[in-house]
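Derivation of every value follows stated rules applied to the coordinates shown; laboratory data play no part. The structure presented is a predicted model; accordingly, all values stated were derived computationally and were not measured. Cβ: placed from backbone, ideal geometry, glycine included. Neighbour counts: every protein chain shown.
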Amino acid sequence: MAGEVELVDARRARELFPPLGHDGPAVHIPGGARLDGRSVRDAMLRAAVRHGARIVDGTAAIVADSAVRGVRVDDEFVGADAVIAAAGAWSPHLLEPIGVRVRVAPQRGQIMHLRLPGVETANWPVVLPRSRHYLLAFDDSRIVVGATREDDAGFDHRVTAAGMAEVLGEALSVAPGLAGATHLETRIGFRPVGPDIQPLLGAVPQVGGLIVANGLGASGLMMGPYAGAVAARLARRADPGIDLTPYDPLR
């Protein structure tokens, strides 16, 4: 639930998020939430194991002819009637050996973690400026700011001067009160982006039992659990619950 959405003036906006330099009205959505991606990932893995999943670490390859036969992870073969390919930006490397091409590419994101020592930030809201960047507070005096959207960086896992300049420039233009914050770390990630803003989600007709769940871009934390539920229904040959035509994974 979004709660009672209200228009607040600059003074109230700075009460909610003190480093702001905003001098105009802002929209406050009190029901907005924040997620720690690593915590969500770990919780979902634990839940899967409790329900009988087995996690196998290694380099995976799909074994298939006209239909999937399973997955080989290093030297271990795991037989399966259905395989969900959800390898993110690495999916082309997983699928091309079996003749399936998905139009997914990595988009590098550089995201910076700052700390305001001694400042209680637990109840600060998420700030979404009129740009593609954001500011997100956590409960250990930590402010997360970012992120870049670099389409031509490939899998280059480096923090770059231009990336840091962009992230800090955007953050300080919105919240100049962060100028004295401590830099804790800069993280790198690779978003899987498809040919448009819609996910790649559905069965692959020429390989029976193969389902693709991909292309969520920067919305993976929000859309991922639902996309996973749809993919699981497809793997069980159940009704996915929605029309998947717009999300054809081979488009």
Legend entry - Largest to smallest principal axis extent of the C-alpha atoms in the chain, angstrom: 63, 40, 35
Legend entry - Size-normalised alpha-carbon gyration radius of the stretch 105-193, reference 2.2 N^0.38 Å: 1.08
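Considering only the other residues whose Cβ falls under 13 Å of the Cβ of Glu76, what net charge follows from Lys and Arg at +1 and Asp and Glu at -1?
Its environment carries a net charge of -1.
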Legend entry - Among 7-18, 40-51, the order from most to least packed when residues are scored by Cβ within 10 Å on average: 7-18, 40-51
Inset, instruction - Compute the signed sum of charges (Lys and Arg +1, Asp and Glu -1) over the other residues within less than 12 Å, Cβ to Cβ, of Leu221. - result: +3
Legend entry - the stretch 46-144 pair-distance distribution - Cα-Cα, 10 Å bins, rounded %: 12, 27, 20, 22, 17, 2, 0
Legend entry - the chain - mean residue ellipticity at 222 nm from DSSP helices (-39,500 (n - 2.57) per run, n ≥ 4, rounded to 500): -7000 deg cm²/dmol
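Determine the gain in length on full extension of the stretch Thr245-Glu96; use 0.36 nm per residue of separation and subtract their C-alpha separation, reporting nm with one decimal.
Working: separation 149, 0.36 × 149 = 53.64 nm, distance 2.24 nm.
Taking 0.36 nm per residue and subtracting the Cα distance, the gain is 51.4 nm.
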Legend entry - Local electrostatic count, Leu114, Cβ distance below 11 Å [Lys/Arg +1, Asp/Glu -1]: +1
Legend entry - the stretch 39-84 versus the stretch 111-147: alpha-carbon centroid distance in Å: 35 Å
Legend entry - Folded to 0 to 90 degrees: helix 220-235 orientation relative to the chain principal axis, Cα: 20 degrees
Inset, instruction - Quick one: angle between helix 161-174 and the longest Cα principal axis of the chain, in degrees between 0 and 90, rounded to 10, please. - result: 50 degrees
